[in-house]
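Q: Pasting a structure here, questions to come.
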Amino acid sequence: MKEEHNPNLDLGEAHHEHLVHMINSLTQAVKNLEEKVADMHGLMSEQRIEKEWYSTDELAKAMDRSPYTIRERWCNEKRIECEKDPDSGKWRIPGEEFRRLVKGGAIKPKR
């Protein structure tokens, strides 16, 4: 008995091969995007600008605290290194102290 050629089978195989090709292309595209995002993240981390002075609001945001806590409890009570800006009269935190605190540095105990 001779097998009959089924054209639908050829279309099914071609469709399957096309889908596999598309999935492989998408997988490669996602890998390329992941690499680019990782590269961009690295560049952004390296280029992070470190300021000389930070505001109490900036420290509050970086540490997930209220600005009131930073100003009244930490600055006014001299629990962190800070000084009043001579121009504005507002508290400002030196960059080195800001980075130390954000990295988990300790706050001086209450007196």
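The values are calculated or read from the model by the stated rules, or taken from the named source; none is laboratory data. These numbers come from a predicted model, not from an experiment. For neighbour counting, all protein chains shown are included, and Cβ atoms are generated from backbone atoms with ideal geometry for every residue, glycine included.
Q: Can you say whether D64 is loosely packed, with under 10 Cβ neighbours inside 10 Å, farther than 26 Å from G105 by Cα, modelled with pLDDT of 90 or more and not aliphatic (A, V, I, L, M), as far as the supplied structure shows? So that I can check it myself, show each step before the final result.
A: Numbers: loosely packed, with under 10 Cβ neighbours inside 10 Å: yes; farther than 26 Å from G105 by Cα: no; modelled with pLDDT of 90 or more: yes; not aliphatic (A, V, I, L, M): yes.
For D64, the condition - loosely packed, with under 10 Cβ neighbours inside 10 Å, farther than 26 Å from G105 by Cα, modelled with pLDDT of 90 or more and not aliphatic (A, V, I, L, M) - is not met.
Q: Within the set of pairs 6+ apart or on separate chains, which have a first residue in the range 48-75 that is in contact (Cβ under 8 Å) with a residue 12 or more places away in the chain, a second that is part of a helix (DSSP H, G or I) and among the basic types (K, R), and C-beta atoms under 8 Å apart?
A: E50/R99; T56/R71
Q: While we're here: Mind listing whichever residues of the range 67-86 are of a type outside the set (A, V, I, L, M, F, W, C), touching a Lys or Arg at 6+ places or on another chain (Cβ under 9 Å) and in a loop (DSSP other than H, G, I, E, B)? Spell out the reasoning first.
A: If we filter the range 67-86 for residues that are of a type outside the set (A, V, I, L, M, F, W, C), which is where we start, we get 67-69, 71-73, 76-79, 81, 83-86.
Going one step further and asking which of them are touching a Lys or Arg at 6+ places or on another chain (Cβ under 9 Å), we end up with 67, 71, 73, 77-79, 81, 83-85.
Across the range 67-86, the qualifying residues are E77, K78, R79, E81, D85.
Q: Further question: Sort through L33, L9 and tell me the only one that's at pLDDT below 70 and among the hydrophobic types (A, V, I, L, M, F, W, C).
A: On the way: L33 fails: at pLDDT below 70.
After applying the criteria, what remains is L9.
Q: Within the range 87-110, which residues are in a helix (DSSP H, G or I), buried (at least 16 other Cβ atoms within 10 Å of the Cβ) and among the charged types (D, E, K, R)? If you could, list the steps in order and put the result at the bottom.
A: Within the range 87-110, the first condition is being in a helix (DSSP H, G or I), and the residues that meet it are 95-102.
So of that shortlist, the ones also buried (at least 16 other Cβ atoms within 10 Å of the Cβ) come out as 97-98, 101.
Passing the criteria: only E97.
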